[in-house]
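Just so it is clear, none of the values below were taken in a lab; they were calculated from the coordinates. What you see is a predicted model; the values in this text were computed from it and never measured. No Cβ is skipped: glycine too gets one built from the backbone with ideal geometry, and neighbour counts run over all protein chains shown.
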Amino acid sequence: MTEKAIEVTDLTIAYKDKPVLWDVDMSVPVGTLMAIVGPNGAGKTTLIKSILGLIKPAAGQVLVLGKPYTQQRHLVGYVPQRGSVDWDFPTSVLDVVMMGRYGALGWLKRPGGAERAAALDALDKVGIRHLADRQISQLSGGQQQRVFLARALVQGAQLYFMDEPFQGVDATTERAIVTLLQELRSAGKTVVVVHHDLQTVPEYFDWVTMLNVRRIASGPVNEVFTEENLRQTYGGKVAFLSAAGNGKNGKQ
Amino acid sequence: MDISQLLSDLFFDYTLRTVALGALILGMVSGMLGAFAVLRKQSLLGDAISHAALPGIVLAFLLTRQREPVVLILGALIAGWLATLFMIAVTRTTRIKNDTALGLVLSVFFGMGLMLLTFAQRLPDATQAGLDKFLFGQAATLLQSDVITMGIIGALALGLLVVFWKEFKLITFDPEFAASLGFPVRGLDVLLTTLLVIAIVIGLQTVGVVLMSAMIVAPAAAARQWTDRLSLMILLGGLFGAVAGVSGTLISSTAERLPTGPVIVLCISVIVLFSMLFATNRGLVWNWLRSKQNRRKLRARAVLADLNTLAMQHPHEAHGHSVAVLRTMSANPDGVSYALKQLRERGHAYEVSTDVWALTDEGLAQASRNQKEETE
């Protein structure tokens, strides 16, 4: 059996008395690019956040690379939704990227030359090194997303969680992100992405989890990304679904 | 009173020196910690905390029957802190939103404080005299020992700010990411809020519970106008607060019965107003000048294009065109003559005869370059 990057068993999360995630099982092998898809309110973000220990589950167990998350923090990188922070915060691009090293630095220590070099290197990888000294309020949506990706890259993780990295970015940025994801995979990393565009799932990802409070399906894209499963995930929106089904057959 | 006399008093007059030093400390500490409150969108939290401190002050007096500032400050500290916890509890456990919880806590605690104050003032002995001064502050009551206490508490708060600088910055910008890295965000949150409570409590005796929130919000708001760096913003906030504190003290010392607290708040308001108008990058005047400049640049470009269009319709390019024609072509006819003058300065156009203009060779080249740029 191959090594598991993520092992989720019977995960249940409730907000007040309403279940947000119900009895979810998920097992992701190392070295895969996995998409989490599902309608709004399906619990995609909640699933990621609970794996990262940001939300306490009502029941269930999560293992990250074989151990609980709290022991594996240094192996995990996180890209939150771009809209979750105030981009008018008084700081520079380089400064935000260096925040990715804060966890490894620990208490009291200040970021120095090594952190700076790592941050510049990561900015290079996402193609915006020239913006290093830019104030973050002057960035476009795509550039903001690249900053967040760079911040996760300097974490030097084995496993990455990205919450809607393709949300509201232009085509160039989308291509750049996809290339980056593939580079991460060839380096043996595992990446989990909350994704909205069903058309691109077969093209970008090799593994998919379909979620709608319950887990509908989880596995290799060519096995589980079927019209039947999509129908179950999204309910009765058939016209939309058949378009996605076409995408699956390679007609873009 | 002349300035030199004022300055010599500042150093040699015991009362003035004490009060000015106290105001300096309060302005600096509240300005620096207020910057974090503003960035965390908690500007009004300061208002709620300072109002909530009143019942703490009065209760501390009623329980101990002492008017030692240290005792009263401790009461204020506890009440301010309880109010904050109460507010957090209300938002977490009920459906009441943050702003409503703030309003609720502010009015309930302040109302309680006023009630207790009325009760305390009816006591037969005279020990309670002066408690009501906490409403608007009375700087003149500051003693050297009070200032030393303020200094020590303030230094402690700023020391913690330096020690946890990286962590505070992270939880202010992106608390969720901080939590994913394993930082105890809730604990750091409580610590930072406690420092804010300390900053507020330090200033109560001088500025009073009603106006103290201005000292939290205003220096930070002014500082944000001038810089895009967090460290600089915090330092500027401290500087603005300190300047307002000292100058407010000096101004109020020049006249009888001019209350120090409100004058300090007026001073910081002037700093805020000035910053909002004249700060580079963000100031209104700066922005207005820049957009005016941009408009002029664009207008000159448009007139250049119009002249080029006219030149294309004539056999030889040196043929002049009257300003009246250009005005009818322009979206902003009043700006045409100014734009033409600008073009002449750049050597792009010349006046053939009165009010008749033509492009130079360089102007023609520039026009076609612009055209190319626009179609790309």
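When the alpha carbon gyration tensor of segment B:276-319 is reduced to an equivalent ellipsoid, the three semi-axes, largest first, read 38, 6, 5 Å.
Under the criterion of Cα pairs below 8 Å and six or more residues apart, the relative contact order for segment A:15-143 equals 19 percent. Its alpha carbons give chain B an Rg and a Dmax of 30.0, 104 Å. In terms of overall dimensions, the C-alpha atoms belonging to segment B:179-223 reach 40, 23, 12 Å along their principal axes, ordered largest to smallest.
For segment B:209-226, backbone nitrogen atoms closer than 17 Å to the point 7 Å from B:SER269 Cα along Cα-to-C-beta are found at B:209-222.
One Cα centroid belongs to segment B:1-25, the other to segment A:163-231; the line between them spans 68 Å. Here's how it looks for A:ARG214: its modeled amide H is under 5 Å from those of A:TRP22, which are all 5 or more places away or on a different chain.
Note on chain B: with a GNM built from Cα contacts shorter than 10 Å, the maximum mean-square fluctuation among B:ALA139, B:ALA35, B:ALA311 falls on B:ALA311. Centre-to-centre separation between the Cα atoms of segment A:76-133 and those of segment B:199-234: 28 Å.
Of the residues A:GLN71, A:ALA171, A:VAL147, the one whose Cα sits farthest towards the positive end of the charge dipole of the protein assembly as shown is A:GLN71 (charges of +1 on Lys and Arg Cβ, -1 on Asp and Glu Cβ, taken about the Cα centre). The calculated 222 nm mean residue ellipticity attributable to helices in chain B amounts to -25500 deg cm²/dmol, summing -39500 (n - 2.57) over DSSP H runs of n ≥ 4 and dividing by all residues.
Across segment A:11-155, the convex hull enclosing all Cα atoms gives 150 Å³ per residue.
With the Cα gyration tensor of segment B:311-360 giving a ≥ b ≥ c as the square roots of its eigenvalues, does the rule (a/c under 1.5 for rounded; else a/b larger than b/c for prolate; else oblate) give rounded, prolate or oblate? The shape class here is oblate. Averaged over peptide B:176-188, the number of partner chain Cβ atoms lying within 10 Å of each residue's Cβ comes to 6. Legend: distances between Cα atoms for A:LYS109/B:LYS169; A:LYS67/A:LYS125; A:LYS44/B:LYS169; pairs beyond 19 Å are A:LYS67/A:LYS125; A:LYS44/B:LYS169. The C-alpha atoms of chain A define a longest principal axis, and helix A:171-186 lies at about 90 degrees to it.
Neighbouring Cβ atoms from other chains, within 10 Å of the Cβ of residues in B:159-170, number 2 on average.
Cβ crowding within 10 Å, taken as a proxy for footprinting-reagent exposure, orders B:TRP288, B:TRP81 from fewest neighbours to most as B:TRP288, B:TRP81.
Protection proxy ranking for A:130-137, A:19-26, B:199-206, using the average of other Cβ atoms within 10 Å per residue and placing the highest first: B:199-206, A:19-26, A:130-137.
Label zone (B:LYS133, point 7 Å along Cα-to-C-beta; backbone nitrogen cut-off 16 Å) within segment B:58-79: B:58, B:61, B:66-73. Orientation-averaged projection of segment B:246-376 equals 12.9 nm² [convex hull of Cα atoms, one quarter of hull surface area]. Only Lys, Arg, Asp and Glu carry charge here, each on its Cβ (+1 for the first two, -1 for the last two); on that basis segment A:1-140 has a dipole of about 240 debye about its Cα centre. Between the amide H of B:GLY137 and those of B:GLY208, B:VAL209, distances stay under 5 Å, these residues lying 5 or more places away or on another chain, with hydrogens modeled in the peptide plane.
In the calculated pair-distance distribution of the protein assembly as shown, the portion above 50 angstrom amounts to 34 percent of the Cα-Cα pairs.
Per-residue ellipticity at 222 nm, computed for chain A from helices alone with -39500 (n - 2.57) per DSSP H run of at least four residues, works out to -10000 deg cm²/dmol. Net length available on complete extension from A:GLN61 to A:ARG129 is 20.5 nm, with 0.36 nm assigned per residue and the Cα-Cα distance removed. Result for chain B in a Gaussian network model with C-alpha springs under 10 Å: among B:PHE168, B:PHE110, B:PHE11, the largest mean-square fluctuation is at B:PHE11. Modelled this way, with points 7 Å down the Cα-to-C-beta line, the labels at B:ARG257 and A:GLU183 are 7.4 nm from one another. With the convex hull constructed from alpha-carbon coordinates only, segment B:1-49 shows a mean projected area of 4.7 nm² over all directions.
Where both bridge residues fall in chain A, DSSP classifies roughly 55% of the beta bridges as antiparallel.
Once the Kirkwood radius over Cα pairs is known for chain A, the Stokes-Einstein relation at 25 °C and 0.890 mPa s delivers a diffusion coefficient of 130 µm²/s. Here segment B:337-376 is described by how far its Cα atoms reach on the three principal axes: 36, 19, 15 Å, from widest to narrowest. For peptide A:86-93, the mean count of partner chain Cβ atoms within 10 Å of a residue's Cβ comes to 5.
Where in chain B are the helices, taken as whole DSSP H runs, whose Cα atoms extend 30 angstrom or more along the long axis and whose Kyte-Doolittle mean reaches at least 0.5?
Counting only whole DSSP H runs, the qualifying helices are B:14-39, B:43-64, B:69-93, B:98-121, B:185-207, B:230-253.
Within the listed set B:SER145, B:SER330, B:SER231, the residue fluctuating most in the Gaussian network model of chain B (springs between alpha-carbon atoms under 10 angstrom) is B:SER330.
Annotation: amide H-H contacts under 5 Å for A:GLY60 (H modelled 1.01 Å from N, sequence separation of 5 or more, or interchain): A:THR12.
Model label points for B:THR141 and B:LEU104, set 7 angstrom from Cα along the Cα-to-Cβ axis, are 3.2 nm apart.
Across segment A:146-185, the residues whose backbone nitrogen lies under 20 Å from the label position 7 Å along the beta-carbon direction of A:GLN199 are A:164-179. Rounded to the nearest 20, the Cβ-based charge dipole of the protein assembly as shown about its Cα centre (Lys and Arg +1, Asp and Glu -1) stands at 520 debye.
Rounded to the nearest 20 debye, the dipole magnitude of chain A is 420 debye, with +1 charges on Lys and Arg beta carbons, -1 on Asp and Glu beta carbons, and the Cα centre as origin.
Scaled to the globular estimate 2.2 N^0.38 Å, the Cα spread of segment B:121-191, given as radius of gyration, is 1.78. Of B:PHE278, B:PHE61, the sequence from fewest to most neighbouring Cβ atoms within 10 angstrom is B:PHE278, B:PHE61. Spin-label model, B:SER322/A:ALA114: points 7 Å from Cα along the beta carbon direction are separated by 7.8 nm.
Pairwise Cα distances in segment A:76-199 exceed 20 Å for 39 percent of all pairs. Can you give me the angle between helix A:238-248 and the longest principal axis of chain A, using Cα atoms only, in degrees from 0 to 90, rounded to the nearest 10? Helix A:238-248 and the main axis of chain A meet at about 60 degrees. Helix A:113-125 sits at what angle to the longest principal axis of chain A, using alpha carbons and giving 0 to 90 degrees rounded to 10? Relative to chain A, helix A:113-125 is tipped by roughly 50 degrees. Ranking B:LEU82, B:LEU135, B:MET32 by how far each Cα lies toward the positive end of the dipole of segment B:1-143 (charges on Cβ) leaves B:LEU82 at the top. The mean sequence distance of close C-alpha pairs (under 8 Å, at least 6 residues apart), as a share of the length of chain B, puts its relative contact order at 21 percent.
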